[in-house]
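Everything below concerns the one structure shown next.
The values are calculated or read from the model by the stated rules, or taken from the named source; none is laboratory data. Since we're looking at a predicted model, the values are computed, not measured. Note that we place each Cβ from the backbone using ideal geometry, even for glycine, and neighbour counts take in every protein chain shown. For the accessible areas, the whole protein counts, side chains as well, though only heavy atoms, and no ligand, DNA or RNA atoms are used. Shrake-Rupley method; radii C 1.70, N 1.55, O 1.52, S 1.80 Å.
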Amino acid sequence: MATFVGAEYIIANLLIAMKKKHNRDSISLEELSSAGVYIQRQSLKRDIDAIFLSSTDQLSTAIFDFSDYFEYDANRQEIFIVKTKKISDLESRFIGYLPFNVLTFLVKAANEAVCSQI
C-alpha cells in the first residue's frame, strides 16, 4: 500500500537540505518544482511505494497549514523557514513520521536534488 507524503514533508526536507548544503533559508517555487519532479522520478526509479503530493494547491495548503514553520514571500516567489525556527525544529517535526524506507529515501533524494538540481 502506497504512503502519501504531504507537501509539507517535501518543503521541509528541501529547506533542511538547502540550509545544510548552501546555508540558505529559502527555496524558490521554481527550485521546489524542479526538486519535486526529481523526487517523484527517483521514487519510481527506486521502486519506493509512495505518492508525493506536490501540486500547486497542495504546496499552498502546506504553507498555510504549517505557517509556524514556513512563510511565503510572493514578491520573491520563495518559501522561507520562519525566523523563529531552527533546522532542528524542522527535523523534529518533519523527520520520523513516515515509514522508514520512505523517510530515508526522501532525505536522500532531497539532498541529491539540492546538490544536483539546484
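Per residue, the accessible area of the chain comes to 56 Å² when a 1.4 Å probe rolls over the protein heavy atoms. 3J(HN,Hα) along the stretch 72-77, derived from phi through the Karplus expression 6.51 cos²θ - 1.76 cosθ + 1.60 where θ = phi - 60°, amounts to 10, 9, 5, 5, 8, 6 Hz, with x in place of Gly and Pro.
Label positions at Tyr72 and Ile51, each projected 7 Å from the Cα along the C-beta direction, are separated by 2.2 nm. Shown is the FRET efficiency for Ser60 and Ile87, computed with R0 = 25 Å from the Cβ-Cβ distance and rounded to the nearest 0.05: 0.60. Here's the list of aspartates and glutamates a cross-link from Lys86 could span, going by alpha-carbon distance under 17 Å and ignoring same-chain residues fewer than 8 apart: Glu8, Asp25, Asp68, Glu71. Where (i) 16; (ii) 28; (iii) 20 are the candidate values, the label of the one calculated here for percent of Cα pairs over 24 Å apart is (i). State log₁₀ I(q)/I(0) for the stretch 51-114 at q = 0.15, 0.26, 0.28, 0.29 Å⁻¹ as given by the Debye formula over alpha-carbon point scatterers of equal weight, solvent excluded. The computed values of log10 I(q)/I(0) come out as -0.56, -1.37, -1.35, -1.33. Most simply put, the chain has about 70% antiparallel DSSP beta bridges, counting only bridges with both residues inside it. Here the label points at Met1 and Lys108, each 7 Å from Cα along the C-beta direction, are separated by 2.5 nm in the simple model. For Ile63, the shell of other residues with beta-carbons less than 9 Å away shows a net charge of -3, using +1 for Lys and Arg and -1 for Asp and Glu. Here the stretch 1-56 is assigned +1 on the Cβ of each Lys and Arg and -1 on the Cβ of each Asp and Glu. Its dipole about the Cα centre then comes out at about 260 debye. Considering only protein heavy atoms and a 1.4 Å probe, what is the carbon-and-sulfur percentage of the accessible area of the chain? Solvent-exposed carbon and sulfur of the chain make up 50 percent of the total. Taking a sphere under 11 Å around the Cβ of Ala12 and counting the other residues whose Cβ falls inside, with K and R at +1 and D and E at -1, yields a net charge of 0.
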